[in-house]
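The values are calculated or read from the model by the stated rules, or taken from the named source; none is laboratory data. All figures in this text were calculated on a predicted structure; none of them were measured in a lab. Ideal geometry is used to build each Cβ from the backbone, glycine not excepted, and the neighbour counts take in all protein chains shown.
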């Protein structure tokens, strides 16, 4: 009986810990853009790194090709992902790329810091939500000053985790009651044996 009470209390505690927010198709594993809004020339492709969303500049000078998704984050959620900018232009045509969430830049590379015919290399980025809410996640790339020599951006493995798996106060109380009940049962059995 004691074991059952402890197990029930532990289950109640663990079942209701804070969970991570939600992102749809963050690894592009569906092979398409399910869950994402797209603008411009985008496609899903496989690389050594993973299945990636490939975004190509070329909509017009200063016009960004983008993918975006409104995602729900809880306080303490950590969004992670990867991006790589491929520079195919030269200065002063400073093609640019970015990944942002809620207007905060997580990744930014352009021709100035990634010379023509090179790559930024894979860059892992992360963002920890201070408050719960719905955040706009956006990745984009654009030609600057002209629409030639279009650079591109790969993004992949967007994921959300919660490092603050803190039980809700009501669950802590339930767990405490379970432990109290287990102790009472134990005292009862000890009194019968004694």
State which residue pairs qualify: first residue farther than 21 Å from residue 137 by Cβ and inside segment 147-167, second residue assigned to a strand (DSSP E or B) and modelled with pLDDT under 95 in any location, beta carbons under 8 Å apart, and separation of 6 or more residues or different chains.
165/17; 166/17; 167/17
Hey, residue 24 at pLDDT below 95, assigned to a loop (DSSP other than H, G, I, E, B) and more than 15 Å from residue 142 (Cβ to Cβ) or not:
no
Residue list for segment 27-52, filter: surrounded by 17 or more Cβ atoms within 10 Å (Cβ to Cβ) and more than 18 Å from residue 137 (Cα to Cα):
none
Quick check: anything in segment 94-108 assigned by TED's automatic domain parsing to the domain that holds residue 132, part of a loop (DSSP other than H, G, I, E, B), in contact (Cβ under 8 Å) with a residue 40 or more places away in the chain and out of contact with any helix residue (DSSP H, G or I) (no Cβ under 8 Å at 6 or more places or on another chain)?
yes
Is it true that some residue in segment 127-148 is outside any strand (DSSP E or B) and on the phi > 0 side of the Ramachandran plot?
yes
Could you list all residues from segment 64-120 that are crowded, with 23+ Cβ neighbours inside 10 Å, under 23 Å from the mean Cα position of the chain (by Cα) and farther than 17 Å from residue 138 by Cβ?
77
